[in-house]
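The values are calculated or read from the model by the stated rules, or taken from the named source; none is laboratory data. Keep in mind the model is a prediction, meaning the values are calculated, not measured. Cβ sites come from the backbone with ideal geometry, for glycine too, and all protein chains shown count toward neighbours. Just so you know, the surface numbers come from the protein's heavy atoms only, side chains and all, with ligands and any DNA or RNA stripped out. Shrake-Rupley method; radii C 1.70, N 1.55, O 1.52, S 1.80 Å.
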Amino acid sequence: MNPKQLLETINKSQTIHFIGIGGISMSSLAIYSKNHNKVVTGSDTKPTEITSRLESLNISVFYEHESKNVQNKDIVVYSHAIDINNPELVAAKASGATVVTRAQFLGAIMLNSKNRIGVSGCHGKSTTTAMISSALENTNKDPFIMCGAYIPSINGCHKEGNGPFVFEACEYKDSFLSFSPNVSVILNVGYDHVDYFKDINQVKTSFAKFAKLSSEEGGSVIVNADDKNAMDATKDEFAILFGINNESDYTASNIKIDNGYASFDVLKFEEPFINIHLSIPGYHNIYNALAAITVLDLCGLSKEEIENEINNFTGISRRFECIGKINGACTYLDYAHHPSEIVETIKTAQSMTSGKIITIFEPHTYSRTKRLYSDFINAFKNANVKIFTDIYPARETDTLGTSSQKLANAANGFYAKDYKSAYEKVKNIATSNDIVLILGAGPIEKIKEYIEEK
């Protein structure tokens with residue numbers, strides 16, 4: 001079933017069930033469906049803030065995966081985190097219901113919008129999506145937003161509008177190939193999702209296919225000129241380039257870093273364009289800002305509007321998010337779970353203090369930890385204190401013989417058996433001049449419960 005046919009099916013359907021409804025993107029699709037007068041149900045493993053919000057919207061959520069939950073459903077949607085032997089998924093396929101992935105569902109509903117902007121890359125997708133979305137929202141362009149993180153300016157992860165459809169395009173299991181962007185942004189291309197991609201060449205091939213989705217429709221492909229893998233993936237495309245070091249159409253120059261925050265001039269085709277003073281820290285956010293600036297210029301925002309919106313963007317949840325203090329040490333929560341992300345996050349912290357950098361890290365999946373083991377050890381070399389909690393398995397089971405205890409030993413760090421133990425370790429070490437980084441894509445954010453100085 002192609003996206004257009006699926007959209008027709010969605011429009012005709014009355015009942016939709018989401019397996020794994022507690023995920024950020026899945027919950028947004030569930031709310032979208034509820035807003036379009038569908039009877040919506042879903043299942044997940046346990047109650048969370050997200051499922052509580054869904055239930056407050058009269059969406060029924062089941063906390064056991066049982067075949068009876070999908071009886072008499074027109075459409076059943078599942079994420080790639082769901083095992084193929086999940087009883088609901090097996091029953092749905094046998095029932096005659098239309099069974100689709102999260103990406104296929106999203107790819108269908110975006111066809112309701114004329115302009116579709118997909119932000120891809122192994123790192124920085126959520127921040128850049130939010131930058132673009134917030135700017136379009138604040139300049140009355142009425143965007144339809146689907147982001148993978150909470151955006152304070154819209155008080156959520158998604159918002160329905162009649163303007164450009166701005167969405168995160170995740171590469172995992174080639175999800176982004178189910179989408180139909182007019183504008184494809186490629187921030188960077190690296191090796192991740194090792195349970196699916198066998199090597200970097202397979203990753204580059206997938207990103208090349210994603211770029212073609214826009215170019216074949218006469219749209220725009222926007223690429224980081226400083227990222228060799230991204231340039232390799234798009235070598236056959238006519239791309240609009242952004243960058244710092246290599247020749248590009250939108251270039252950051254005269255870069256200055258003050259206490260972690262970057263200011264720079266933007267040149268458009270080598271001519272002065274705008275001046276930026278970022279309100280979010282980190283050198284890597286220069287690239288995210290350049291990508292957003294390029295998109296917003298294509299969308300027709302004035303120079304003054306672009307400059308104002310990028311300068312005033314203050315970030316999203318779990319992206320160097322200040323969550324309080326421990327013994328006076330500023331404490332930040334960050335989604336970093338890949339070695340290259342961890343390196344940049346620690347580097348950002350170093351630019352903000354002369355004190356110790358203390359990290360608490362929850363590795364995400366056994367396969368990633370095992371395959372990138374040496375990279376993880378090296379990623380923490382500039383942290384002064386390294387604390388590792390147990391690996392968050394997500395969709396996996398431990399069959400690879402790796403552990404956080406081993407990682408801690410190899411990295412000259414400490415192993416903490418739970419979040420409270422990790423917090424107590426920091427409590428015994430941190431001083432007011434230090435920075436504490438809580439890193440990971442899993443439920444490690446729960447450590448916030450122990451932080452007294454909010």
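Just one of the listed residues (PHE269, PHE197) is of a type in the set (Phe, Trp, Tyr) and on the phi > 0 side of the Ramachandran plot, namely PHE269.
Residues in region 233-251 that are farther than 16 Å from TYR283 by Cα and among the β-branched types (Val, Ile, Thr) were compared, and the one that is surrounded by the fewest Cβ atoms within 10 Å (Cβ to Cβ) is ILE240. Assess whether SER302 counts as being surrounded by fewer than 21 Cβ atoms within 10 Å (Cβ to Cβ) and at pLDDT below 95. Against the criterion (surrounded by fewer than 21 Cβ atoms within 10 Å (Cβ to Cβ) and at pLDDT below 95), SER302 does not qualify.
Before we move on, is PHE269 out of contact with any strand residue (DSSP E or B) (no Cβ under 8 Å at 6 or more places or on another chain), open to solvent by 10 Å² or more (accessible area, probe 1.4 Å) and at pLDDT 95 or above? Please lay out each step first, then the result.
On the way: out of contact with any strand residue (DSSP E or B) (no Cβ under 8 Å at 6 or more places or on another chain): yes; open to solvent by 10 Å² or more (accessible area, probe 1.4 Å): yes; at pLDDT 95 or above: yes.
Here the answer is yes, as PHE269 does meet what is asked.
For first residues located in region 410-421 and under 24 Å from SER374 (Cα atoms) and modelled with pLDDT under 95, partners that are of a type in the set (Gly, Ala, Ser) and open to solvent by 40 Å² or more (accessible area, probe 1.4 Å) and lie 6+ apart or on another chain with Cβ distances below 7 Å do not occur.
Please find, among GLU49, GLU55, GLU66, the residue that is surrounded by fewer than 21 Cβ atoms within 10 Å (Cβ to Cβ) and over 25 Å from the mean Cα position of the chain (by Cα). Talk me through it step by step, then tell me what you get.
On the way: GLU49 fails: over 25 Å from the mean Cα position of the chain (by Cα); GLU55 fails: over 25 Å from the mean Cα position of the chain (by Cα).
From the options GLU49, GLU55, GLU66, the qualifying one is GLU66.
Restricting attention to region 303-319, the residues being out of contact with any helix residue (DSSP H, G or I) (no Cβ under 6 Å at 6 or more places or on another chain) and either in a helix (DSSP H, G or I) or farther than 24 Å from GLY440 by Cβ (or both) number 7.
Restricting region 157-184 to residues that are open to solvent by less than 10 Å² (accessible area, probe 1.4 Å) and more than 14 Å from the chain's Cα centre (by Cα), which is farthest from CYS299 (Cα to Cα)?
PHE179
Condition first: closer than 15 Å to HIS337 by Cα, small (Gly, Ala, Ser) and modelled with pLDDT under 95. Can you find one or more residues in region 425-445 that meet it? It would help to see each step written out before you state the result.
Of region 425-445, the ones closer than 15 Å to HIS337 by Cα are 437-445.
So of that shortlist, the ones also small (Gly, Ala, Ser) come out as 440-442.
Restricting the remaining residues to those that are modelled with pLDDT under 95 gives 441-442.
Yes, region 425-445 has at least one match.
Whenever a residue of region 315-331 is on the phi > 0 side of the Ramachandran plot and of a type in the set (A, V, I, L, M, F, W, C), its partners that are assigned to a strand (DSSP E or B) and crowded, with 19+ Cβ neighbours inside 10 Å, lying with C-beta atoms within less than 7 angstrom and at least six residues away or across chains, give the pairs PHE320/TYR332; PHE320/ASP334. Contact map, region 381-397: first residue in contact (Cβ under 8 Å) with a residue 60 or more places away in the chain, second residue open to solvent by less than 80 Å² (accessible area, probe 1.4 Å) and outside any loop (DSSP other than H, G, I, E, B), Cβ cut-off under 7 Å, separation 6 or more or different chains; pairs are ALA394/HIS364; GLU396/TYR366; GLU396/SER367. Of the strands (runs of 3 or more DSSP E) lying entirely inside region 213-264, those carrying at least 3 residues that are touching a strand residue (DSSP E or B) at 6+ places or on another chain (Cβ under 6 Å) and over 24 Å from MET352 (Cβ atoms) are 220-224, 239-243.
Taking the stated definitions as given, is ALA225 within 17 Å of CYS170 (Cα to Cα), open to solvent by less than 40 Å² (accessible area, probe 1.4 Å) and in contact with an Asp or Glu (Cβ under 9 Å, 6 or more places away or on another chain)? For ALA225, the condition - within 17 Å of CYS170 (Cα to Cα), open to solvent by less than 40 Å² (accessible area, probe 1.4 Å) and in contact with an Asp or Glu (Cβ under 9 Å, 6 or more places away or on another chain) - is not met.
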